[in-house]
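These notes are about the structure you will find just below.
Bear in mind these aren't lab numbers, they're just calculated from the coordinates by the rules spelled out. Predicted model, so just to flag it, every value in this text is computed and none were measured. Please note: Cβ atoms are built from the backbone with ideal geometry, for glycine as well, and neighbour counts cover all protein chains shown.
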Amino acid sequence: MSKAQQVDTLENALVLIKPRLADVLPSHIKPEYVVRSVMLATAKTPKLRQCQPISVLQAVMTAAQLGLDCSGAGGEAYLVPYKDNCQLIIGYQGLVDLARR
C-alpha cells in the first residue's frame, strides 16, 4: 500500500467516524476540529500513517471522550506510533485539565 493510499484510508476512516465523534465529544469541541488535529498530528509524525487505522481511531475516540486535543500542540495528548499501533499518551496539560474538570 502506498503512502497516498494509507493517508487516504486514514482520512476516509476519520470521515466515517465523524458522527460517532459528535456523540462522544463535549459540546464545546466540534468533530471537524478533531479531524483536523489528527491530520496535523500525522503531518508532524509521519510514522502514524504506518499504524493500523483502527488503532489510530481508538486513540482518537479515547481523546475525544476525555475532551483532549490529540494533536500535541497544546500538550494535552499525543498520538504516538509504537510498532504498527498508535498509542494515546496524555500529557501534563491534559492531566491538569482533567483534574480541574
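Tell me which aspartates and glutamates have Cα within less than 17 Å of LYS30's Cα, excluding those fewer than 8 residues away on the same chain? Answer for LYS30, where 17 Å is the Cα cut-off: GLU11, ASP69, GLU76, listed by chain and number. Helix-only estimate, please: 222 nm mean residue ellipticity of the chain, summing -39500 (n - 2.57) across DSSP H runs of length 4 or more and dividing by its residues, to the nearest 500. Dividing the helical sum by the residues of the chain leaves -19000 deg cm²/dmol.
Using equal-weight Cα scatterers in the Debye expression, the normalised intensity of the chain in log10 at q = 0.11, 0.13, 0.15, 0.22 Å⁻¹ is -0.29, -0.40, -0.54, -1.14. With the charge dipole of the chain set up from +1 on Lys and Arg Cβ and -1 on Asp and Glu Cβ about the Cα centre, the Cα lying farthest toward the positive end among the listed residues ALA64, PRO81, ALA22 is that of PRO81. Charged side chains reduced to their Cβ positions (Lys and Arg at +1, Asp and Glu at -1) give the chain a dipole of some 100 debye around its Cα centre.
The 3J(HN,Hα) values that the Karplus relation (6.51, -1.76, 1.60; θ = phi - 60°) gives for the range 69-80 are, in residue order, 7, 9, 6, x, 5, x, x, 7, 8, 10, 9, 10 Hz. Gly and Pro appear as x. Phi angles across the range 14-31 convert, under the Karplus curve 6.51 cos²θ - 1.76 cosθ + 1.60 with θ = phi - 60°, into 3J(HN,Hα) values of 5, 5, 5, 8, 3, x, 5, 4, 4, 6, 9, 6, x, 5, 8, 10, 9, x Hz, Gly and Pro given as x.
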